[in-house]
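Below: one structure, written as C-alpha cells.
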Amino acid sequence: MASSLARLGAALPRARPRASARVLPPGRWDAAALGASRRAALNVGRCQVHSDMKVAPTSDRKDGENSSKNWRIKMLYDGDCPLCMREVNMLKERNKSYGAIKFVDISSKDYSPDDNQGLDYETAMGRIHAILSDGTIVTDVEAFRRLYEEVRLGWVYAVTKYEPVATMANAVYGVWAKYRMQITGRPPLEEIMASRKAAGECKDDKVCKM
C-alpha cells in the first residue's frame, strides 16, 4: 500500500512553489512609495493643464468695416471727411468686439441708395444717417446715441434722450452739419455733386449712377 502510494505520488505533477513577495527594507519602501506618488501627481498635473486650455473662438470680424454679418445698426458716413473719420475709426475699433455696426461709406463709388433705404448721396451728405436692422432710419444726435449704445458707450449721449438737452444737442449738430464742408476745408456740396456726376459710371440706358 505504501509503495503504491509512493508510486502514485511520483506520477502526479508537482506544483511549483510560489514566489515569495519581495519585501523592501523600510528605507527603500519609503523612497519607492514617494516616487510613485510623485509620478501620479505629475500625470494629474498634465491632465489638468490640457483640460484647462481654452481655444480662442474663431471670428469673422477681421476689422470694424463690413465684416459684421449680424449687424444691428448701419452707419452711413462720409469717408472723405477727415474730421468725421476720427470718430468713425474709433467706432470701428470698438465694433471689433461687438460686430453690431455695419459701416457704409457714402463717398464710395459703389454706394447704392437701393441698399440703404433709398438714401441718395446728397441726402446722406446733409446730416448723419443710421439705419436699424428693421429698416428704421434715425438721424442727427439720435443716430450717434444709437451707434454709441451698440459699442457700450451709450453713457456719452445718454443725457440727449431728455428735453431740453435733446433739442439743444440737435440744434448744435445742425449748425455743424450745415457748415462742416467749410470747416473741414472742402469745396461746397454742389461742386462735389457736379464732380461725382462727371465721373459717374453710366449704365446701358445712359443714366449715370451717382
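The values are calculated or read from the model by the stated rules, or taken from the named source; none is laboratory data. Note that the coordinates shown come from a computational prediction; the quantities given were computed from them, not determined experimentally. Don't worry about glycine lacking a Cβ; one is built from the backbone with ideal geometry, like all the others, and counts go over all protein chains shown. The protein model used for the area step is the full one, side chains on, heavy atoms only, and it has no ligands, DNA or RNA in it. Shrake-Rupley method; radii C 1.70, N 1.55, O 1.52, S 1.80 Å.
What accessible area per residue comes out for region 94-210, rounded to a whole number of Å², with a 1.4 Å probe? Present the calculation step by step, with values, prior to reporting the outcome.
Working: 6910 Å² over 117 residues.
Counting only protein heavy atoms, the per-residue value for region 94-210 is 59 Å².
Normalised Debye scattering of region 85-128 at q = 0.14, 0.18, 0.23, 0.29 Å⁻¹ gives log10 I(q)/I(0) of -0.39, -0.63, -0.89, -1.05, counting only Cα atoms as equal scatterers and leaving out solvent.
Under the simplified labelling scheme, the Gln117-Lys197 pair shows an inter-label distance of 2.7 nm, with each label point 7 Å from Cα along Cα→Cβ.
Looking at region 136-200 from every direction and averaging, what is the projected area of its Cα convex hull in nm²?
Numbers: hull surface 25.1 nm².
Average projection, Cα convex hull of region 136-200: 6.3 nm².
In the structure shown, the pairs Lys92/Lys178; Lys109/Lys197; Lys69/Lys197; Lys74/Lys161 are assessed against 22 Å; a Cα-Cα span above that value is assigned to Lys92/Lys178; Lys69/Lys197.
Listed peptides 92-101, 130-139 appear in the order 92-101, 130-139 once ranked by packing, highest mean of other Cβ atoms within 10 Å at the front.
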